[in-house]
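One structure is given below, encoded as structure tokens.
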Amino acid sequence: MANLFHETTANEILERLEKLQPDSKALWGKMNVSQMIVHCEAPMNVALGDTTLKQSFLGLLFGRIAKKQLLKPEPFKKSLPTAPEFVVKNTPDFATEKLKLKLLIKRFAATDPTTVSSRAHPFFGKMTSAEWGFLQWKHLDHHLRQFGV
């Protein structure tokens, strides 16, 4: 199973990220490429502890069930709902945000997995380091596929 804590997996994601261009078009969804990059930064910031979000009431009720579904090996379905905190409405600078996401991916991959797993996910609650690493990879993979890379 892919895991963003693994150097080879992180490098594969970084290579795919490098293929994105400012004019890359989405195959589905509403975000442009710059918005997608910033959207992908948000959960990385949560995992790394740079952003703290409290677990939502819906997360308390349905988080464990949703976690089981989203941690299956199948890719995410297209156009899943997005947490309001991760919606990007402006059009950020592509080059700046692409560099920020690269640095976040490298930082995540170099972080001690136990540090990340000590944090609760704001929707799913307690997660293992393997679950955090897989979920981060799966989210990035989903959006890179969204833009054809």
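Exactly one residue among T9, T51 is in a helix (DSSP H, G or I) and of a type in the set (S, T, Y), and that residue is T9.
The listed residues are A95, A109, and the only one of them that is small (G, A, S), within 19 Å of L17 (Cβ to Cβ), over 16 Å from the mean Cα position of the chain (by Cα) and part of a helix (DSSP H, G or I) turns out to be A95. Restricted to the range 65-91, and to residues there that are surrounded by 14 or more Cβ atoms within 10 Å (Cβ to Cβ) and touching a residue at least 60 places away in the same chain (Cβ under 8 Å), the residue that is nearest to W28 (Cα to Cα) is F76. Among the residues of the range 70-77, are any assigned to a loop (DSSP other than H, G, I, E, B), modelled with pLDDT under 80 and within 16 Å of the chain's Cα centre (by Cα)? No, because not a single residue in the range 70-77 is assigned to a loop (DSSP other than H, G, I, E, B), modelled with pLDDT under 80 and within 16 Å of the chain's Cα centre (by Cα). For the range 93-120, filtered to residues that are at pLDDT 95 or above, farther than 17 Å from H39 by Cα and of a type in the set (A, V, I, L, M, F, W, C), the residue that is surrounded by the most Cβ atoms within 10 Å (Cβ to Cβ) is V116.
The values are calculated or read from the model by the stated rules, or taken from the named source; none is laboratory data. Bear in mind the structure is a predicted one, so any value in this text is a computation, not a measurement. Note: ideal-geometry Cβ built from the backbone for every residue, glycine included; neighbour counts use all protein chains shown.
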